[in-house]
Structure formats: structure tokens, C-alpha cells
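Data block below; observations after.
Just so it is clear, none of the values below were taken in a lab; they were calculated from the coordinates. If you're wondering where the values come from, they're calculated on a predicted model, not measured in any experiment. Cβ placement follows ideal geometry from the backbone for every residue including glycine, while neighbour counts extend to all protein chains displayed.
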Amino acid sequence: MYQSTDMKKLVIEIIATLVHIKSNMYEQILRPAGINKEYFQSLTKQKNEYGKWLSKREIASRIILTIDNHAKYEKIMRSIIKTASAWNQFHLADNEYEARATVQKAREVLGVLEIWEEKEAREREHATRWVALHC
């Protein structure tokens, strides 16, 4: 579920739209998710194929590519989505309306994730009981 393309797109949108200034973006969104500061700072010093500094969207894409197979991938993605779902600092965004739409989408996705996780927990509990009764 966490590795879906839609989930990745949402996290990129969160990183790119909620906070206009990159250093604040790191402090408000990436640091709480456990993204290494030195890694983030190295991304802010890189240029794209056109010779321009990486945009927040390009930085977000590279972060997701880097953590894609990381053991804490799901935890990091969920943390970013959870941060966005509770977001109310729209004055930090370049475009308040885009930020509000992104927050709304994060809230919807977080709700779906919680339902999905509850269902999985019930299924695991049911399987454990079945094994205990039949073994």
C-alpha cells in the first residue's frame, strides 16, 4: 500500500507545497519523519540537468527514490502524511490554496491507511486464534 505511485505522488506534493522555504520544509516536514539533515543539505547543493538548483519537488523525488527500499520506508511515508494531515500553517506555503488541497488529500489518505491497518490487525488476530485452536 505504501509503495503505490499515488502515495509517492502525495508525499512529493506535501514536500513541494506546504512550506515555501527549503530549510523550513526540512524542519517542519522532513526532520520529524527521520530524514537525515546531512543528506537533505547535500540535495540542496545539487543541480538538475539544466544547471539549476534542485526544486523542492525534485528533492522530494530523490528522497523517495533513496528511501524506497529502506527498512523504515513505511514509517517515514506515514509520518510525512500524518504531519500534512494535521497541517495548519498555511502562511508558510507559496500557494495557500494548493497547500489546503494537499492537506485535505493527506487527511483522506490517512483515514484510508488507518482503516486498512485496522483490517490487517484484525486479520492477524483472527489467524493467530485459528492457529491456536487448530494446533
Nearest-ten-degree value, helix 73-85 long axis tilted from longest Cα axis of the chain: 70
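Based on the Kirkwood radius over alpha-carbon pairs, what value in µm²/s does the Stokes-Einstein equation return for the translational diffusion coefficient of the stretch 5-108 at 37 °C and 0.692 mPa s?
Working: Rh = 13.6 Å.
D, rounded to a whole number, is 241 µm²/s.
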Rounded tilt (10° steps) of 5-17 against the dominant C-alpha axis of the chain: 40
Neighbour-limited loop hits for GluC sites (Glu not before Pro), the stretch 27-109 (at most 16 other Cβ within 10 Å; DSSP other than H, G, I, E, B): Glu49
28 Å Cα-Cα reach of Lys22 towards lysines, excluding residues that sit fewer than 8 places from it in its own chain: Lys8, Lys9, Lys37, Lys45, Lys47, Lys52, Lys56, Lys72, Lys75, Lys82, Lys105
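What stretch of the chain, leaving out the sites themselves, is the longest with no trypsin sites (Lys or Arg not before Pro) in a DSSP loop having at most 12 other Cβ atoms within 10 Å?
Details: sites that count: Lys45, Lys52, Lys72.
Here the longest run is 73-135.
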Stretch in the chain that is longest and holds no chymotrypsin sites (Phe, Trp or Tyr not before Pro) that DSSP places in a loop and that have at most 16 other beta carbons within 10 Å: 51-135
Helix 56-67 vs. the chain, principal-axis angle (Cα, 0 to 90°, nearest 10): 40
